[in-house]
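Below you'll find the structure, written out as structure tokens, and then a few comments.
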Amino acid sequence: MLGDGITDDTLLHIACFLGARDLSLPANATLARTLKGAAADALGEQRAPVPFDSGQLARPVVGDRQRICGLFSGGSLSAEAQVVLIDRGHAVTSNAPVPGAGAVSKGSAVHELIDLGDDAYTRGRPHPMIDPAVRDEPLIAALADPGVGVILLDVVIGYGAHADPAGHLAGLLEAHWRSGPLVVASVTGTDADPQGWSRQTSSLTRAGVLVAPSNADAAALALACLDAR
């Protein structure tokens, strides 16, 4: 059962089971709804990051586009984004749905968040964190979809990941993105990673991507863009 490994002792336990609610936990345990929330709880009030104001970075979408298309290399990041949208009252579908999300339905008008690490996308080829080209075809399709207002992406860096995932994305956007949906992303990693968080973030920003400080913030920013009319 979820939470069975958390004991009633002198330690503070912080748990994050994405999508789970109303777990029975001991008094010394805190349940975070998002990965960002779990990290903030672990840091404590004195060291927690400054809250992100999505409204300051948001830009209005073009025309009547009202759908978010999320294309994730990280399954946990896809799940976290689903939680953010669900907690704000939005219907969500996914190929890896969390509790409260629906299954992907062709032609659906609701937000769709896809885990590209699923076997359907990686059978016979590397994981998208290693080979970002796994995302190319669905990203090109989303850029051309007249119903998509915001494309939501993750970039994950670190040892074993692609040498320059943001550079790959920037090149694809330069070739295929002229107008249409906004593109929102986050970079998960640090400047101590080989790819460098700052370098990856700069590559995306120069390409016109709206970059949020965390994956949860990126999901909130995508919603703010839909409201910024």
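Each residue in the range 45-88 was checked for being of a type in the set (Ser, Thr, Tyr) and touching a helix residue (DSSP H, G or I) at 6+ places or on another chain (Cβ under 6 Å), and 1 of them qualify. I'd like the full set of residues that are within 16 Å of Val187 (Cβ to Cβ) and touching a helix residue (DSSP H, G or I) at 6+ places or on another chain (Cβ under 6 Å), limited to the range 125-156. Within the range 125-156, Pro128, Pro132, Ile151, Leu152, Asp154, Val155 meet the criteria. Can you tell me which of Ala170, Ala228, Ala220, Ala212 is out of contact with any strand residue (DSSP E or B) (no Cβ under 8 Å at 6 or more places or on another chain), among the hydrophobic types (A, V, I, L, M, F, W, C) and at pLDDT 95 or above? After ruling out the rest, the residue left standing is Ala170. Inclusion of Pro49 among residues that are modelled with pLDDT under 90 and not small (Gly, Ala, Ser) is warranted.
Among the residues making up the range 15-30, those that are without any contact (Cβ under 8 Å) to a residue 24 or more places away in the chain and either assigned to a helix (DSSP H, G or I) or not hydroxyl-bearing (Ser, Thr, Tyr) (or both) are Ala15, Cys16, Phe17, Asp22, Leu23, Leu25, Pro26, Ala27, Asn28.
Here Ala220, Ala185, Ala163, Ala212 are screened, and the one residue that is of a type in the set (A, V, I, L, M) and over 18 Å from Leu113 (Cα atoms) is Ala163.
The values are calculated or read from the model by the stated rules, or taken from the named source; none is laboratory data. What you see is a predicted model, and the numbers here were worked out from it, not measured in a lab. Because the Cβ atoms are built from the backbone with ideal geometry, glycine has one as well, and the counts that use them run over all protein chains shown.
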